1. Tell me which of these A:SER61 doesn't satisfy, since it passes every other one: (1) free of Cβ contacts under 8 Å to residues at least 12 places away in the same chain; (2) within 14 Å of chain B (Cβ to nearest Cβ).
2. When only residues in segment A:52-81 that are open to solvent by 40 Å² or more (accessible area, probe 1.4 Å) and on the phi > 0 side of the Ramachandran plot count, which is nearest to the chain's Cα centre (by Cα)?
3. Got at least one residue in segment A:138-160 being among the hydroxyl-bearing types (Ser, Thr, Tyr), in a helix (DSSP H, G or I), at pLDDT below 95 and buried (at least 19 other Cβ atoms within 10 Å of the Cβ)?
4. Among the residues in segment B:19-34, are any modelled with pLDDT under 90 and part of a loop (DSSP other than H, G, I, E, B)?
5. Are any residues in segment A:39-51 part of a helix (DSSP H, G or I) and either under 17 Å from A:GLY166 (Cα atoms) or open to solvent by 50 Å² or more (accessible area, probe 1.4 Å) (or both), and if so, which ones?
6. Could you give every pair whose Cβ atoms fall below 6 Å, whose first residue belongs to segment A:98-114 and is more than 7 Å from chain B (Cβ to nearest Cβ), and whose second residue is modelled with pLDDT under 65, counting only separations of at least 6 or pairs across chains?
7. Do we find a residue being in contact with a helix residue (DSSP H, G or I) (Cβ under 7 Å, 6 or more places away or on another chain) and either in a loop (DSSP other than H, G, I, E, B) or not aromatic (Phe, Trp, Tyr) (or both) anywhere in segment A:106-113?
8. Would you mind finding the one in A:GLY42, A:GLY81 that is within 30 Å of A:PHE142 (Cβ to Cβ), out of contact with any strand residue (DSSP E or B) (no Cβ under 8 Å at 6 or more places or on another chain) and not hydrophobic (A, V, I, L, M, F, W, C)?
Amino acid sequence: MFERFTGDARRVVILAQEQARERDARAIRTEHLLLALWKVPGNGALVVLDSLSVSADAVRSAVDALDGYDGDDAASLGTLGIDLDEVRRQVEQAFGPGALDRTRAARGRGRRRSGGHIPFERAAKKTLELSLREALRLDHHFLGCEHILLGLLHDGSAARILRSLGVDQDAARVAVDELVGRRAG
Amino acid sequence: MSDATKVAAAASSRDPAVGLAAVASLRGLLESLEELQVTNARDQGWSWQQIAEALRVSRQAVHKKYRRFGF
């Protein structure tokens, strides 16, 4: 799957692991991929994010405020018929925004216990697959950072953050297609 | 396969990785909800005894677990 990745896109994937490590995360999550975009200067995703008025600072503070519970938890609880988003919504209605994920119990469990290899969370892995699908859909014959950005807009915490910052999936697709067209022309 | 069918299939899965991960996430969620409710009860002036009774645990258990929160 990685053969179509550009050098920049590969670097983002590698640097996402750094982001996860710095944040003591037990898995590489979509928000780590998102943050890693800013670690590769001048890439296409940053051009698109800039055109959509999304700043590194806004994303960083959104990630800082994030989530003891990640996409893996949502998927696991889903197997029991528990809708984590619905639980979160109910709790936030009673106790305010971010209440569930701000609990000590939530934050403590997100922490990594030991050093070494950090695995990709399912949603993050899925993001890379979706990036490829986005590239194919736009008839682009390579996978760049801009396609990772489109992949990030599907699901997981990065998608929630980007949506909260007003990024619309279709608008982003148009912006990416224009960018790639410009670069080709 | 629809989402609902997938969920049902996973719930009845005998794959330990799936089942154990679900238990771990559920335990985390339980801890968060308990913490929120205990905090809220203390904020509203409930005694440890009252909280313990509502949670159906001993007063010592709940006090020991949450006294570090500095209520």
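The values are calculated or read from the model by the stated rules, or taken from the named source; none is laboratory data. Owing to the predicted nature of the structure, the values given are computational and were not obtained by experimental measurement. As a convention, Cβ positions derive from the backbone with ideal geometry for all residues, glycine included, and neighbour counts pool all protein chains shown. The area values use the complete protein model at the heavy-atom level, side chains included, leaving out ligands, DNA and RNA. Shrake-Rupley method; radii C 1.70, N 1.55, O 1.52, S 1.80 Å.
1. It is condition (2) that A:SER61 fails.
2. Out of the qualifying residues, it is A:SER53.
3. Yes: one or more hits.
4. No, segment B:19-34 contains no residue that is modelled with pLDDT under 90 and part of a loop (DSSP other than H, G, I, E, B).
5. Within segment A:39-51, A:LYS39, A:ALA45, A:LEU46, A:VAL47, A:VAL48, A:LEU49, A:ASP50, A:SER51 qualify.
6. Listed pairs, sorted by first residue: A:ASP101/A:ASP67.
7. Yes; the residues of segment A:106-113 include at least one that is in contact with a helix residue (DSSP H, G or I) (Cβ under 7 Å, 6 or more places away or on another chain) and either in a loop (DSSP other than H, G, I, E, B) or not aromatic (Phe, Trp, Tyr) (or both).
8. On the way: A:GLY81 fails: within 30 Å of A:PHE142 (Cβ to Cβ).
Answer to the selection: A:GLY42.
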